[in-house]
1. Ordered by residue, what ³J(HN,Hα) values in Hz, to whole numbers, does segment 61-72 give under the Karplus form 6.51 cos²θ - 1.76 cosθ + 1.60, where θ = phi - 60° and Gly and Pro are x?
2. Once Lys and Arg get +1 and Asp and Glu get -1 on their Cβ, which of Ala73, Thr86, Leu116 lies farthest toward the positive end of the dipole of the chain?
3. From the helices alone, meaning DSSP H stretches of at least four residues, give me the mean residue ellipticity at 222 nm for the chain, per-run term -39500 (n - 2.57), in deg cm²/dmol to the nearest 500.
4. Under 5 Å between amide H atoms, partner at least 5 residues away or on a different chain: which partners does Phe50 have, H built in plane at 1.01 Å?
5. In Å, what is the Rg of the alpha-carbon atoms in segment 5-83, and how long is Dmax?
6. Calculate how steeply helix 201-212 sits against the longest principal axis of the alpha-carbon atoms of the chain, using the helix alpha-carbon long axis, and give the answer as 0 to 90 degrees to the nearest 10.
7. Scaled to the compact-protein estimate 2.2 N^0.38 Å, what is the alpha-carbon radius of gyration of the chain, rounded to two decimal places?
8. Output wanted: per-residue J couplings in Hz (rounded whole) for segment 90-107, from phi through Karplus 6.51 cos²θ - 1.76 cosθ + 1.60, θ = phi - 60°, x for Gly and Pro.
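Computed from the coordinates by the stated procedures, all read-outs in this text should not be read as laboratory data. Not measured: the values here are computed from a predicted model. Virtual Cβ from ideal backbone geometry, glycine too; neighbours counted across all protein chains shown.
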Amino acid sequence: MRYDLNLLRTFIALLEERSVTRAAKRLGITQPALSNTLTRCRELFQDPLFIRERYGMRPTEKALAIGPAIRDALGEIDHLVLEQQTFDPATTTQRFVIAANDYVEYVFVPRLVERLQYRAPGIQIRIVPYGADLAETGVAAGDTALVLGRIVDPPDNLVVQPLMEDGLACVLRADHPFQGDQLTRDAFESLKHVNMLPPGRLKKGLFEALGRQGLERDVAVSVTHFLSIPELIATTDYCTTLPNLICRRFVRDPRLRVVTPPADLGTFPVHLGWHVRYRQDPAHQWLREQIHDVGRELMAEGEGAR
């Protein structure tokens, strides 16, 4: 039997996206072209495969049954082709889309770009936001190369590895009335706080850490970006609790001072995730190695500063 391999790629795109619009965008084709391909898929498998509903396309039982085998087969074909390709970081002009949360963009991305400018001067990096919804980043569909942040309950087609961990510290203005190296519980709870409200799970992790220690905060200001915090702390008697690696950058400002929280707030993880189709891609493998190297460097620097 002869059939077009693109039929299977269209089938998988629809299975993962559950939307003709999103699947067509992912494949780089028009919606009418995708609809025509879907008709051919239905003829090939002798099944409707997808039922149109109000909010998208619902796969049939047959589509769900054959989906994993087709996905695996396409993955093996991709791996076979990619293994024959070579990658030269010194000459590449490849573009990578990376989904990153605010913490990663502030702490990690500058160090990664610094590393890449010498090893791969022609490489292009585009950062897109990552909160808590993997589907919105495009990484689960394979449109986005990598995701960096806290990844919880990833889909089966996403490979996830631990990248690094970071702890938490507090920041006050340098001439703050409290002058100890570690905040007391009473001082922590009596101060007004500046709170960071990222869209992802870093916020949840801090709230849970405070709850485990029975610590309460009087939050006076909540912001959505780390860059607004130094000025707020430097001009008030407020306190903020942030990841150690961000605090280390803030302490370069002579107006600020880092102090230890009144209790151990633990650590939070940073993960690296990518679609299984990129497992054997030489370019992606090389970029992941660079990311792991940066993670190890940052962890070593964090340990050395303690």
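1. 4, 5, 4, 5, 6, 8, x, x, 5, 5, 4, 5
2. Ala73
3. Working: 12 runs with 134 residues, N = 306.
For the chain, the value works out to -13500 deg cm²/dmol.
4. Sorted by chain and number, the residues that satisfy this are Thr60.
5. Taking only Cα atoms of segment 5-83, I get Rg and Dmax of 12.3, 42 Å.
6. 50 degrees
7. Cα-based Rg divided by the globular estimate yields 1.22.
8. Each residue's phi maps through the Karplus curve to give 5, 10, 5, 10, 5, 10, 10, 9, 10, 8, 9, 7, 4, 4, 5, 5, 7, 8 Hz.
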